[in-house]
1. Helices (runs of 4 or more DSSP H) wholly in the chain with at least 1 residues that are of a type in the set (Lys, Arg) and more than 14 Å from the chain's Cα centre (by Cα) - which ones?
2. Need the failing condition index for VAL53 against (1) touching a Ser or Thr at 6+ places or on another chain (Cβ under 6 Å); (2) under 22 Å from ARG25 (Cβ atoms), just the number.
3. Using beta carbons and a limit of 7 Å, which pairs, at least six apart or on different chains, have the first residue in the range 62-78 and farther than 17 Å from THR39 by Cα and the second one polar (S, T, N, Q) and exposed (fewer than 12 other Cβ atoms within 10 Å of the Cβ)?
4. Is it true that LEU32 is without any contact (Cβ under 8 Å) to a residue 40 or more places away in the chain and surrounded by 10 or more Cβ atoms within 10 Å (Cβ to Cβ)?
Amino acid sequence: MYSSVIISFALVMIFSGAIASFVQRHITLKILALSFLITIGVTLGVEGLGGHVPKAYIYLPMGFALLVEFLQLRFSYNQERFKKGSQL
């Protein structure tokens, strides 16, 4: 148990710089992460008050939003690469 927490903490410390710089370059990911945090917070609040929110109503839209954002990042990367190649 203790070793898994220490290993997880070490991995977070190792990769935090790379993840932070990636999020800083792509502002839409920052907005998406904030919306995920708000969604999870509201869900925890509702469940804390005794309500029930099916997890599929939360995780499926989050997964879809991540997929759309990934496709958008990929499209913009390919578009920039194509523009650089066509200028040569």
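No lab work stands behind these numbers, since they all come straight from the coordinates. Here the structure is a predicted model, which means the values were calculated and not measured. Positions of Cβ are generated from backbone atoms using ideal geometry, with glycine treated the same way; all protein chains shown enter the neighbour counts.
1. Numbers: elements: 2-25, 27-48, 56-87.
Output list reads 56-87.
2. (2)
3. Within 7 Å, no pair qualifies.
4. So LEU32 fits the description; yes.
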